[in-house]
Amino acid sequence: MLKQIAWNTFKNTGNINTFIELKEVDKAIQNAEENKLINNEEIIKQEGIQRQWEL
């Protein structure tokens, strides 16, 4: 979504820096979401291991 906003902003203003900055924000958001998924998977695995030891 931000990619489209960045592109439209660039088309309207001609400012390439704004386009690049918004693309970087989009990448940061995607990375954060991917890291959150990875962390959630690790937590689920750890909980599974702990439950095995409890049984």
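Every read-out reported here was derived from the displayed coordinates using simple, explicitly stated rules and does not represent laboratory data. Just so it is clear, the structure is predicted and the values come from calculations on it, not from any experiment. Ideal geometry is used to build each Cβ from the backbone, glycine not excepted, and the neighbour counts take in all protein chains shown.
Using the Cβ of Asn35 as centre and a radius below 13 Å, the other residues enclosed give a net charge of -2, where K and R count +1 and D and E count -1. For Lys11, the lysines whose Cα comes closer than 17 Å to its Cα, not counting residues fewer than 8 places off in the same chain, are Lys3, Lys23.
Taken one residue at a time, the phi angles of the range 27-44 give Karplus couplings (6.51, -1.76, 1.60, θ = phi - 60°) of 4, 5, 5, 4, 4, 4, 5, 5, 5, 5, 5, 5, 5, 5, 5, 5, 5, 4 Hz. Gly and Pro are set to x.
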